Amino acid sequence: MTANPHHAKRWTILVILATAQLMVVLDATIVNIALPSAQKALHFANSERQWIVTAYALAFGSLLLLGGRISDLFGRKWTFIGGLAGFAIASAVGGAATSFGMLAAARTLQGAFGALLAPAAMSLLTTTFLDPAERNKAFGIWGAIAGSGASIGLILGGVLTQTLSWRYSMYVNLIFATFAIAGALSLLHNEAPAFKPKLDIPGVLTVSAGLFSLVFGFSHAETASWTNPTTIGFLVAGAILLALFAAVQSRSRNPLLPLRVVTNRNRAGSFMTIGISGSAVFGVFLFLTYYLQQNRGYSPVATGIAFLPMTAAVMISAAVATNKLRARFGPRPLVVAGMTLGAAGMLYLARLGVDSSYATAILPALLAIGVGLGLSMASAMNSATLGVHPADAGVASATVSASQQIGGSLGTALLSTIATSALTSYITGAHAHVSQALIAHAAVHADTTAFTFAAAIFAIGAVIAATLFERGTKALEVDAGMAPALAH
């Protein structure tokens with residue numbers, strides 16, 4: 001086996017990869033803060049506004065597995081650089097947008113190139129750090145970015161929108177991408193396989209269409225309803241197409257997603273953990289942002305800063321979990337404890353009132369959720385790619401991102417629908433004159449109902465993790481036959 005060409009500069013490479021990952025993760029929220037200003041400047045309707053967010057999610061979510069396999073087939077360095085360059089160009093177009101259509105198209109391109117970039121970055125991480133102790137440290141940093149990038153996006157979006165213009169929430173990606181491209185060109189080696197199997201076209205078509213249908217169905221449910229014929233049609237189509245994809249993969253000579261990647265118990269538990277965490281944590285950002293701005297009068301920047309303690313908690317707990325605890329206890333207790341802490345934090349937020357204090361009613365919950373995410377996400381992301389053959393590293397990494405994306409889309413749609421129903425029933429059941437005070441109480445009731453359901457999602461995740469992950473450090477062992485491929 002040839003020596004790892006990235007070993008000598010692995011920590012510098014981690015900085016490059018982490019920068020790219022941060023750009024992709026924060027772009028899911030940075031535009032949310034800038035959206036009201038963009039809507040005012042470009043004069044588009046409220047009904048069109050959601051598509052600026054959804055366009056990114058649709059392209060990103062539906063093309064991830066294809067992006068992951070492309071990096072496996074053609075080499076991760078050039079796939080990574082191509083994804084960065086495309087993302088930067090799309091961001092420049094978005095920043096210069098003169099119409100709704102131009103901005104939506106730019107967001108679609110961002111999502112498409114993000115689907116190329118994200119799996120390449122994570123698979124480079126997987127194949128660069130082979131020593132277990134160093135791998136734990138690297139994935140601790142990676143998990144911290146995944147868990148805190150959304151809140152960093154809120155802060156950065158608020159600062160740029162308030163001090164410069166909403167357009168800079170797009171232009172800022174040019175700085176991230178330029179730095180990452182320069183580092184990638186000088187530090188990375190392209191390792192393309194000598195034998196390139198044919199791309200699994202039936203697999204590409206079924207999984208891309210299936211994931212698109214699911215994400216679109218979830219997004220449509222958020223703005224329409226779960227009983228809307230369009231919502232039902234896309235969700236059913238998504239389920240059928242993904243079932244067809246699984247059947248195609250079991251028979252394909254060169255499958256897009258080899259079933260060995262997802263049938264391992266620990267990896268299956270990791271993918272499910274990441275998806276469930278994504279669906280629940282979106283509740284924190286979405287509904288707590290509404291609460292802080294609408295009920296407490298926080299500015300966008302102040303709202304972003306309010307999430308900083310959670311970000312710090314994620315980073316610290318992720319580092320401790322991966323560097324100190326994982327090797328001793330294995331991933332199972334860390335993921336279960338993390339999910340349980342997330343549920344406890346959400347239940348604490350469910351006690352919010354109209355005039356609740358940040359220090360006593362919100363901060364303790366954010367710290368609990370932050371510690372929980374750090375424990376669970378970093379460990380799950382590490383386990384999700386542990387033991388995969390280097391030839392499958394890209395598609396395994398793409399499955400991680402797809403789990404997070406689908407989970408986030410489902411969580412946003414589900415919790416939004418629940419909150420809207422709670423708001424309506426509260427006002428209808430009040431049998432009182434609709435006043436500002438009643439609306440404020442109804443809004444808080446909607447938020448706290450969403451937090452209660454998010455707690456239930458975390459609790460389900462804890463049960464699934466306890467069931468699927470193997471006990472102790474056995475879960476850290478590499479699959480039989482993989483050890484030679486992962487050795488130095």
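The values are calculated or read from the model by the stated rules, or taken from the named source; none is laboratory data. Note that the coordinates shown come from a computational prediction; the quantities given were computed from them, not determined experimentally. Every residue, glycine among them, receives a Cβ derived from its backbone with ideal geometry; neighbour counts consider all protein chains shown.
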_Given the criterion at pLDDT 85 or above, assigned to a helix (DSSP H, G or I) and aliphatic (A, V, I, L, M), identify the matching residue among VAL320, VAL354._
VAL320
*The listed residue being of a type outside the set (S, T, N, Q) and more than 24 Å from ILE457 (Cα to Cα), out of GLY278, GLY269, GLY304*: GLY304
*Which condition breaks for ALA224 when tested against (1) in the same structural domain as GLY111 (by TED's automatic domain parsing); (2) free of Cβ contacts under 8 Å to residues at least 12 places away in the same chain?*
(1)
*Quick one: what pairs do we get from the stretch 346-368, first residue within 27 Å of ALA144 (Cα to Cα), second exposed (fewer than 14 other Cβ atoms within 10 Å of the Cβ), C-beta under 7 Å, 6+ apart or different chains?*
ALA361/ARG351
*Test set (1) within 21 Å of SER403 (Cα to Cα); (2) under 18 Å from the mean Cα position of the chain (by Cα) - LEU156 fails condition number*: (1)
*Could you list, in sequence order, all residues of the stretch 413-436 that are of a type in the set (A, V, I, L, M) and either under 36 Å from the mean Cα position of the chain (by Cα) or assigned to a loop (DSSP other than H, G, I, E, B) (or both)?*
ALA413, LEU414, LEU415, ILE418, ALA419, ALA422, LEU423, ILE427, ALA432, VAL434
*So how many residues does the stretch 284-310 have that are of a type in the set (Val, Ile, Thr) and modelled with pLDDT of 85 or more?*
1
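Per-residue answers, yes or no, for (1) at pLDDT below 90; (2) farther than 30 Å from HIS6 by Cα; (3) hydrophobic (A, V, I, L, M, F, W, C); (4) in contact with a Lys or Arg (Cβ under 8 Å, 6 or more places away or on another chain):
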residue: ALA432; (1), (2), (3), (4): yes, yes, yes, no
residue: ILE464; (1), (2), (3), (4): no, yes, yes, no
residue: VAL478; (1), (2), (3), (4): yes, no, yes, no
residue: PRO484; (1), (2), (3), (4): yes, no, no, no
*part of a helix (DSSP H, G or I), in contact with a Ser or Thr (Cβ under 9 Å, 6 or more places away or on another chain), crowded, with 24+ Cβ neighbours inside 10 Å and modelled with pLDDT of 95 or more, is that true of LEU341?*
yes
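For (1) crowded, with 19+ Cβ neighbours inside 10 Å; (2) within 20 Å of VAL53 (Cα to Cα); (3) in contact (Cβ under 8 Å) with a residue 24 or more places away in the chain, each residue gets a yes or a no:
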site	(1), (2), (3)
ALA133	no, no, yes
ALA138	yes, no, yes
ILE152	yes, yes, yes
LEU156	yes, yes, yes
LEU160	yes, yes, yes
*Is it true that GLY101 is surrounded by 20 or more Cβ atoms within 10 Å (Cβ to Cβ) and out of contact with any Lys or Arg (no Cβ under 8 Å at 6 or more places or on another chain)?*
no
*Odd one out for LEU116, checked against (1) of a type in the set (A, V, I, L, M, F, W, C); (2) over 14 Å from TYR56 (Cα atoms); (3) buried (at least 23 other Cβ atoms within 10 Å of the Cβ)*: (2)
*asked:* Yes or no: the stretch 244-262 includes at least one residue that is of a type in the set (Gly, Ala, Ser) and within 26 Å of ILE155 (Cβ to Cβ).
replied: no
*Which one of ARG76, ARG10, ARG107 is under 29 Å from ARG135 (Cα atoms) and in contact with a Gly (Cβ under 8 Å, 6 or more places away or on another chain)?*
ARG76
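Conditions (1) within 30 Å of LEU386 (Cα to Cα); (2) buried (at least 24 other Cβ atoms within 10 Å of the Cβ); (3) charged (D, E, K, R); (4) in contact with a helix residue (DSSP H, G or I) (Cβ under 8 Å, 6 or more places away or on another chain), marked per residue:
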residue	(1), (2), (3), (4)
PRO36	no, no, no, no
ALA45	no, no, no, no
ALA55	no, no, no, yes
PHE60	yes, yes, no, yes
LYS77	yes, no, yes, yes
GLY94	no, yes, no, yes
LEU109	no, no, no, yes
ALA112	yes, no, no, yes
SER123	yes, yes, no, yes
